[in-house]
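The next block holds one structure in the form of structure tokens; read it before the comments.
The values are calculated or read from the model by the stated rules, or taken from the named source; none is laboratory data. What you see is a predicted model; the values in this text were computed from it and never measured. When we count neighbours, we look across all protein chains shown, and the Cβ atoms used for this are built from the backbone with ideal geometry, even at glycine. Protein only, heavy atoms only, side chains kept; ligands, DNA and RNA dropped before computing areas. Shrake-Rupley method; radii C 1.70, N 1.55, O 1.52, S 1.80 Å.
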Amino acid sequence: MGTAQEVKLLEKIPQKPISDEILSFIQTNEINGKYFLLIKNFTRLNDSDISDLMQINIKTFRAKSKETAPLRSSLLSEHLITLLSLFKHGQEVFGTIDKFNEWLNKNNFIFGKKSPFVYLNTISGIKLVDDRLTGMQYGDNA
């Protein structure tokens, strides 16, 4: 997946985007540029897609990836860690990130004939997608 440091960071992130676990993680860990690099390397999304999801411009994303200081925006920290948790859960359900990404980008009747990916720009959307993943784990169609 990446460097040993990235693997270590990823192991600490909650397995699913559960609010209290995400909030606890953000309060007890310093969220900085390492997590921007982690999301890029782990999810295999490009800078443009990640920037769009996080609602920041691509230059900001690239600049944040190089920063060592903690993020000042708790909203950005929460979105970043919640996305990483969702991708961890997606990898668990689908077996690989590539298969999860494939599912995320296919139009789906459960999501109003849109791709689940379009919902990842909000915490509520991430939770909606995660609920579908959990349902799939227990035999629901999605």
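Counting only protein heavy atoms and a 1.4 Å probe, tell me what percentage of region 1-104's accessible area is made up of carbon and sulfur.
The nonpolar share, carbon plus sulfur, comes to 49 percent.
Skipping prolines and chain starts, which residues have an amide H placed within reach, meaning under 5 Å, of the one on residue 108, given they are 5 or more residues away or on another chain?
So residue 108 has HN proximity to 113, 114, 115.
Modelled label-to-label distance, residue 66 and residue 41, 7 Å Cα→beta-carbon offset: nm?
According to this spin-label approximation, the distance is 1.8 nm.
Suppose accessible area is computed on protein heavy atoms with a 1.4 Å probe; arrange 40, 64 from highest to lowest.
Final ranking, largest accessible area leading: 40, 64.
Pull out the extension gain between residue 106 and residue 5, defined as 0.36 nm times the separation in residues minus the alpha carbon to alpha carbon distance; nm, one decimal.
Gain in length upon complete extension: 33.2 nm.
Return the FRET efficiency for the residue pair residue 114, residue 92: r is the Cβ-Cβ distance, R0 is 30 Å, and the value is rounded to the nearest 0.05.
Computed FRET efficiency for residue 114 and residue 92 comes out at 0.80.
Based on DSSP H assignment, which helices of the chain show an axial Cα extent of at least 27 Å together with a mean Kyte-Doolittle hydropathy greater than or equal to 0.0?
TM-like helix candidates: 74-94.
For n ≥ 4 DSSP H runs only, could you compute -39500 (n - 2.57) per run for the chain, divide by its residues and tell me the 222 nm figure to the nearest 500?
-19500 deg cm²/dmol
For the chain, restrict the atom set to alpha-carbon positions and state the Rg and Dmax in Å.
Final numbers for Rg and Dmax: 14.4, 43 Å.
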